[in-house]
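The block underneath contains the structure these notes are about, expressed in structure tokens.
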Amino acid sequence: MPVRLRDQELRQIDQLVEYGVFRSRSEAIRELVRLGIENLAQASDILKAVERLFEAERNEGEIPIDLSGATRQLLVERGKR
Amino acid sequence: MSYVDTSVIIAALDRLDPRRASALEALEKEEDKKVSELVLTELASVLSRRKEMLQELATRVGARGEIIVPATLLYILRRFRLKYRRIDGSKKVLLLGDLYSPFVAAIELSSKLKVKTLDLLHLAYIKTLIEGGEEIRKLITIDEDFEREKKAIKEALNVEVVALRGSPP
């Protein structure tokens with residue numbers, strides 16, 4: 001069954017494939033149809049937030065995520081000293 | 001092709017960790033890097049407990065609180081060109097029935113490798129990914145327990161352990 005999508009939606013689907021969330025356009029479309037319109041809107045919000053994280057990095061010249069102390073925490077939780 | 005352990009990604013984002021520079025360098029330079037759902041789970045667990053950082057991040061990018069963890073995970077994947085590979089399927093284990101494939105691999109590896117559970121699971125994901133056709137040849141980590149088992153890991157999986165160290169003071 002042929003499906004016509006808007007360029008913007010197709011770009012978002014391609015991004016999800018690029019991230020490895022889905023293996024192909026057809027798998028992505030199948031899953032997204034199943035999840036429904038509400039979740040597609042949420043996926044769109046997530047992708048917008050990702051783009052803004054890249055903007056924040058470009059503006060500040062640094063990755064905008066600070067996990068200071070988390071490495072030690074992770075290793076302790078894995079049972080390491 | 002490399003499998004990147006969660007510890008490397010966390011260290012690259014940990015401004016206090018002495019291995020940050022080498023973790024960042026490895027993530028920037030290394031080509032064709034794979035992660036598993038276990039890496040995503042550990043990352044999500046660490047992120048979700050950094051409530052203040054997440055709130056500040058959500059405000060900065062104008063995102064609702066409930067989407068900031070998945071957005072941050074996707075940002076990290078894209079930022080470091082990490083490819084997530086989903087595992088499909090289950091396998092039959094004698095007398096135990098159907099188990100999820102990575103857990104079958106973990107049970108198989110447990111007789112050859114003496115490592116803690118989460119380390120064993122990462123190695124099991126590598127084994128499952130290799131069996132699924134991924135040509136993983138390196139495990140990049142800062143976790144010294146993998147390095148201690150590097151000979152056994154090489155024998156069991158034909159994967160070289162690359163353990164990153166901190167920069168000299």
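May I ask you to list the residues in the stretch B:100-127 that are of a type outside the set (Gly, Ala, Ser), more than 12 Å from every other protein chain (Cβ to nearest Cβ) and out of contact with any Pro (no Cβ under 9 Å at 6 or more places or on another chain)?
B:TYR100, B:PRO102, B:PHE103, B:VAL104, B:ILE107, B:GLU108, B:LEU109, B:LYS112, B:LEU113, B:LYS114, B:LEU123, B:ILE126
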*asked:* I'm trying to understand the selection: among the residues of the stretch B:128-141, which are of a type outside the set (D, E, K, R), more than 14 Å from every other protein chain (Cβ to nearest Cβ) and part of a loop (DSSP other than H, G, I, E, B)?
replied: B:ILE136
*Give the residue, chosen from A:ALA41, A:ALA56, that is more than 10 Å from every other protein chain (Cβ to nearest Cβ), in a helix (DSSP H, G or I) and among the small types (Gly, Ala, Ser).*
A:ALA41
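Looking at B:ASP17, B:ASP5, can you tell me which residue is within 11 Å of chain A (Cβ to nearest Cβ), over 22 Å from A:LEU16 (Cβ atoms) and at pLDDT 95 or above? Outline the logic, then answer.
Numbers: B:ASP17 fails: at pLDDT 95 or above.
Going through B:ASP17, B:ASP5 in turn, just one is within 11 Å of chain A (Cβ to nearest Cβ), over 22 Å from A:LEU16 (Cβ atoms) and at pLDDT 95 or above: B:ASP5.
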*Test: residue in the stretch B:142-150 that is in contact with a strand residue (DSSP E or B) (Cβ under 9 Å, 6 or more places away or on another chain), part of a loop (DSSP other than H, G, I, E, B) and within 11 Å of chain A (Cβ to nearest Cβ)*: yes
*Cβ-Cβ under 7 Å pairs, at least 6 apart or on other chains, the stretch B:85-98 side within 14 Å of chain A (Cβ to nearest Cβ), far side assigned to a strand (DSSP E or B)*: B:ARG85/B:LYS34
*Identify, from the list A:LEU75, A:LEU47, A:LEU67, the residue that is within 9 Å of chain B (Cβ to nearest Cβ), in contact (Cβ under 8 Å) with a residue 24 or more places away in the chain and closer than 30 Å to B:ARG20 by Cβ.*
A:LEU47
_Residue within the stretch A:2-14 that is facing chain B (nearest Cβ under 8 Å) and either surrounded by 15 or more Cβ atoms within 10 Å (Cβ to Cβ) or over 22 Å from B:GLU37 (Cα atoms) (or both) present_ = no
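The values are calculated or read from the model by the stated rules, or taken from the named source; none is laboratory data. Fair warning: this is a prediction, and the values are worked out from it, not measured in the lab. Counting neighbours? That spans all protein chains shown, and the Cβs are built from the backbone with ideal geometry, glycine included.
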